Amino acid sequence: QVQLAESGGGLVQAGGSLRLSCQASGSIFSDSGLGWYRQAPGKQREMVATIARGGSTNFADSVRGRFTISRDNAKKMVYLQMNNLKPEDTAVYYCNSRYGGADDWGKGTLVTVSS
């Protein structure tokens, strides 16, 4: 099992940037797939970006070209750099770890983008 703690959310104007961080604990971090998901009010949770243990990445169409995801296995950290933010990016962002078919989640961090 992996424990995850997100940070870096906040209020930003449209066009601005934020960097989300997720600190993990647990021995399987480097073998885990990692990702960022988000849930806006009244909507289902959706995938934003994922990064596999080998480093390959995948992005939702809505954020491709604006967001990047990275991981630091030595520090047990995963990051989401968000640029050119839009009001529709407003959501609670969750860090995810996936290993052996099991998912672990953080408690989330709120990102609010004002127009």
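Take the range 76-106 and flag every residue that is aromatic (Phe, Trp, Tyr) and closer than 12 Å to residue 49 by Cα. Walk me through how you get there before you give the answer.
Start the filter on the range 76-106 by keeping residues that are aromatic (Phe, Trp, Tyr), which leaves 79, 93-94, 99, 105.
Once the filter is applied, which keeps residues that are aromatic (Phe, Trp, Tyr) and closer than 12 Å to residue 49 by Cα, the range 76-106 yields 79, 93, 94.
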### Query
Of the residues that sit in the range 101-110 and are in a loop (DSSP other than H, G, I, E, B) and in contact (Cβ under 8 Å) with a residue 12 or more places away in the chain, which one is surrounded by the fewest Cβ atoms within 10 Å (Cβ to Cβ)?
107
### Query
When only residues in the range 45-78 that are of a type in the set (Lys, Arg) and open to solvent by 60 Å² or more (accessible area, probe 1.4 Å) count, which is modelled with the lowest pLDDT?
53
### Task
Any chance you could count how many residues in the range 25-38 are open to solvent by 10 Å² or more (accessible area, probe 1.4 Å) and either within 15 Å of residue 55 (Cα to Cα) or more than 11 Å from the chain's Cα centre (by Cα) (or both)?
7
### Task
Within the range 84-94, identify whether any single residue is of a type in the set (Val, Ile, Thr) and either more than 16 Å from the chain's Cα centre (by Cα) or open to solvent by 50 Å² or more (accessible area, probe 1.4 Å) (or both), and answer yes or no.
no
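From the list 81, 13, which residue is in contact (Cβ under 8 Å) with a residue 24 or more places away in the chain, surrounded by 12 or more Cβ atoms within 10 Å (Cβ to Cβ) and within 16 Å of residue 111 (Cβ to Cβ)?
Numbers: 13 fails: surrounded by 12 or more Cβ atoms within 10 Å (Cβ to Cβ).
Unique residue meeting the criteria: 81.
Can you report the number of residues in the range 1-23 which are in a strand (DSSP E or B) and either among the basic types (Lys, Arg) or at pLDDT below 95 (or both)?
Residues of the range 1-23 that are in a strand (DSSP E or B), as a first pass: 3-7, 10-13, 18-23.
Next, only the ones that are either among the basic types (Lys, Arg) or at pLDDT below 95 (or both) stay: 3, 19.
Summing the residues that are in a strand (DSSP E or B) and either among the basic types (Lys, Arg) or at pLDDT below 95 (or both) in the range 1-23 gives 2.
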### Meets criteria (touching a helix residue (DSSP H, G or I) at 6+ places or on another chain (Cβ under 7 Å), more than 15 Å from residue 6 (Cβ to Cβ) and either open to solvent by less than 30 Å² (accessible area, probe 1.4 Å) or among the aliphatic types (A, V, I, L, M) (or both)) for residue 113
yes
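The values are calculated or read from the model by the stated rules, or taken from the named source; none is laboratory data. The structure displayed is predicted, hence computed values, not measured ones. Here Cβ is always computed from backbone atoms with ideal geometry, including for glycine, and neighbour counts include all displayed protein chains. Accessible surface areas use protein heavy atoms only, side chains included; no ligands, DNA or RNA. Shrake-Rupley method; radii C 1.70, N 1.55, O 1.52, S 1.80 Å.
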